[in-house]
Amino acid sequence: MGRLVHFEIHVDDMERAKKFYGEVFGWTFEDWSEFAGMPYFGAVTGDANEPGINGALMQRQTPSPAENQPVNGFTCTLGVEDYDATEAKILQNGGKVALPKYALPGMAWQGYYKDTEGNILGIHQPDEHAK
């Protein structure tokens with residue numbers, strides 16, 4: 001079975017991206033650039049005893065995604081406790097709405113955003129009353 005064990009987010013401006021993900025989601029970072037041979041920061045996304053995975057921010061090696069380009073790869077969706085508060089943090093820290101909040105009826109609230117680097121990410125708040 002091929003279980004997902006790591007993710008990489010390609011970024012143009014490492015410090016800007018670290019600030020965005022640190023401020024919005026509380027991630028911390030470890031400098032792994034020496035091992036990768038390029039700017040590469042391991043992202044610690046939560047407690048190792050809880051479900052989830054860690055990943056990294058890596059220096060983008062090609063041009064940034066074009067505006068309105070379809071997703072070309074995976075989109076990561078992050079579980080959040082308070083959708084509206086998280087959306088506010090995303091917007092306050094330079095992110096933009098890609099697909100506004102909508103209900104997954106009886107399950108959750110979902111929406112998609114662009115980070116400061118033009119990458120798409122989702123947020124998901126479980127809520128059995130969503131409609």
Q. Ignoring the sites themselves, what is the longest stretch of the chain with no GluC sites (Glu not before Pro) in a DSSP loop and at most 16 other beta-carbon atoms within 10 Å?
A. 1-66
Q) At 10 °C and 1.306 mPa s, what whole-number value in µm²/s does Stokes-Einstein give for the translational diffusion of region 32-101, with Rh from the Kirkwood sum over Cα pairs? A) 105 µm²/s
Q | Share of alpha-carbon pairs per 10 Å distance bin for the chain, given as whole % | A | 12, 41, 37, 10, 1
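Please tell me the relative contact order of the chain in percent, rounded to the nearest whole number, where contacts are Cα pairs under 8 Å and at least six residues apart.
Details: 236 pairs, mean separation 30.8, N = 131.
About 24 percent, as a whole number.
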Q. Using 7 Å Cα-to-Cβ label points, what is the Asp84/Lys101 separation (nm, one decimal)?
A. 0.6 nm
(Q) Need the list of lysines near Lys89 for cross-linking: C-alpha distance under 21 angstrom, and skip anything on the same chain fewer than eight residues off. (A) Lys18, Lys19, Lys101, Lys114
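Give the residue list of chymotrypsin sites (Phe, Trp or Tyr not before Pro) in region 8-100 that are DSSP loop and have at most 13 other beta-carbon atoms within 10 angstrom. Walk me through the numbers before you get to the answer.
Working: sites: Phe20, Tyr21, Phe25, Trp27, Phe29, Trp32, Phe35, Tyr40, Phe41, Phe74, Tyr83; in loops: Trp27, Trp32, Phe74.
Counting only loop positions with at most 13 other Cβ atoms within 10 Å, the chymotrypsin sites (Phe, Trp or Tyr not before Pro) in region 8-100 are Phe74.
So what's the projected area for region 61-131, the Cα convex hull averaged over all directions, in nm²?
Values: hull surface 20.5 nm².
So the mean shadow area of the Cα hull is 5.1 nm².
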Q. Val80: net charge of surrounding residues, Cβ under 13 Å, Lys/Arg +1, Asp/Glu -1, itself excluded?
A. -3
Q | HN-Hα J in Hz across region 20-29 - Karplus 6.51, -1.76, 1.60, θ = phi - 60°, x for Gly and Pro | A | 4, 5, x, 5, 6, 10, x, 5, 10, 10
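Taken together, the values in this text are just the output of simple stated rules run on the coordinates, not laboratory data. Keep in mind that this is a model prediction, so the values were computed, not measured. Note that we place each Cβ from the backbone using ideal geometry, even for glycine, and neighbour counts take in every protein chain shown.
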